[in-house]
Structures are given as C-alpha cells and as structure tokens.
C-alpha cells in the first residue's frame, strides 16, 4: 500500500469510527456540491496529454452510462422533497466528452430548471452543438470549457464561444500550459470578450521557470494557484462534508483523488460518513480538488463561480461587446 492509499484508508477508518460502531446518520448540509463521473470515457479528441484520447466506449458502456446518469439526475430531483432546504450544485467531470451524448444535454436542461439546484456545469471541449443551451435556465447552467489548440482550429472554437456569449451562457475557457500552446492561448485571450475568464492549467509534471510562469500569469491572473501542487495533508477541506464525489454506481468518496468510499448515494449509507475532516493526501495538484481546501480561500476568489471556474471579478452574461 502506498502512502496515498494508506492515508485514504485511514481517512475512511476515521470517518467510520471504531469497529462495530455505527455513527448516526446526519442530514445533508445546507449546500451540497456533487462532482459526478459516470462510466463514460470516450472522447472525440486525441490530446497527447490525456490517457483517454480518441477512446471509444462499447454500446453497453454507453447504455450503462445513460442509465447511471438518469438515476443520478432523479436522485438530485428528489432532494427537493426529501431534504427541503438543501441547495445543490453539480459539476459533471466525465473522463470523456459528455455533451456529444444526448443524455448529458438532457440532464443539464432538467437540473438547471429545478428550484433547489443552484448551479449545474460540465467540463467540455465544446466540440458539440450549443443551441440546446437555450432550453436551460441560464441563471443556473454553466460550462467549464477547454480549448485544445492541437485538436480544433482557433476559428471553430471561437465561433462556439461567441455563440455562447450571444445565448447568454455563463462559461470559462481554459488551456493546458504546454509551451506550444502559448501563442494560441494569447490569440484566444485577445479574441474573447474581457468578461470571459481564460484559465491555464499547469501541464502535468512540468516545472516552470519564473519567466515561463510570468507569461502564463499574464493570461490567467490565477495561474499561480496551478503552478505548484499544494501541500494538503492535515489541512481542512470541504470535500467529504459539503463536497462529494459520486461515480456511476452511486459510490460516494470525498473527492476524485481519495479512493476510500464513504458509502452509497442511493441507499443513504454515505450520510453516516460525511462530515468535516482534514485532507489525508500529501498534496493536491488539480483545481477540482484544491479549490475546496479551506487554507487557500479560493471560495472567495471564485465566489459565485466555484463550480464553473469563474472568478468573482469576471462578469456574468452579457460579457460586453464581441471583438470584431
């Protein structure tokens, strides 16, 4: 067992209590954020930095993914009746590209129109059509989009982004901080309305010189949060309490990076395990993890836009005039 696995096991054991004990179930917090990732792993892009590039799912996997997503959506919808007073935000984080599948678009529309859902967003490469978003409650629905310069032309991605602006969709645009992406990212930043946030993820395993980091910081004022992994062991984190990770079978974990299960969403067993606790891992290097570390105060930086990765200083639609 490696250190991360050991820490995760200890985290689960601490949450469960002493052998033979059964901690009393608690209610849902007043606001619950759910990171959902089903079986879907197929993608239409072939990014060299992604292990799931150009992967195809078998028909049975797609059927299972659809059924799992519909079950999850039903559970969220039922919370208004079973846990009145709880507000819910959902971020879909599929390994593959979800919005080319009709069931993800349907889920986004449905969840956006539920009165107890505060935000529903999805990570997407924006390769699919966007007109369906007109059916969403755009005060609730949002997109976390990523621009992959090696897979799509500047003009095609920008046309999609401009259409989102015209529709009044709240969204962010991001790019992976690979050296050969820098000029493309600069060009995209110049073409987007100033009110649209362009974020940069540090490339996995890449160390940036101060000069290299400054170049990316010039595009993303918050790049410094991504540049280095964050020491996290023993620090308070909202995951496992007001933020949970859910897979297609309904298994609940504190986040995508701690494998120890807390129970299952659908039988309610997770309610005996949730609560405030420190992070068990040595470090956290992914935005969907470290944004929830209380020590970083990123809930203030991204106030009102934590789920879709939009900082507070960036505006809501309309974003202003589109560049020519």
Worksheet item: Roughly how tilted is helix 59-82, in degrees to the nearest 10 and between 0 and 90, from the longest Cα axis of the chain?
Response: 70 degrees
Discussion item. On C-alpha positions alone, give me the angle between the axis of helix 102-112 and the longest principal axis of the chain, in degrees, nearest 10.
Written reply: 80 degrees
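Mean shadow of region 216-320, computed from the convex hull of its alpha carbons, in nm²? Before the final figure, lay out the partial values.
Working: hull surface 32.1 nm².
Over every viewing direction, the Cα hull of region 216-320 projects on average to 8.0 nm².
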Worksheet entry | Dmax and Rg, reported as Rg then Dmax, of the chain (C-alpha, Å) | 19.5, 67
Practice prompt. Treating the Cα atoms of region 270-324 as identical point scatterers in vacuum, please give the log10 of the normalised Debye intensity I(q)/I(0) at q = 0.29, 0.30 Å⁻¹, two decimals.
Written response: -1.16, -1.19
Response to the item:
Nearest 10, in degrees from 0 to 90: the angle of helix 3-16 to the longest Cα principal axis of the chain is 50 degrees
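Of all alpha-carbon pairs in region 175-215, indicate the percentage at a distance above 15 angstrom.
Working: 344 of 820 pairs.
Beyond 15 Å sits 42 percent of the P(r) for region 175-215.
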Worksheet item: In percent, how large is the relative contact order of the chain, given Cα pairs closer than 8 Å and 6 or more residues apart?
Response: 20 percent
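When the Cα atoms of region 110-185 are enclosed in a convex hull and the volume is divided per residue, what value in Å³ results?
Working: hull volume 6.4 nm³, N = 76.
Considering the Cα atoms of region 110-185, their hull volume per residue is 84 Å³.
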Practice prompt. Pull up the DSSP beta bridges for the chain and report the antiparallel fraction as a percent, rounded to 5.
Written response: 25 percent
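Taken together, the values in this text are just the output of simple stated rules run on the coordinates, not laboratory data. Treat the numbers as computed from the prediction; the structure is a model and nothing was measured.
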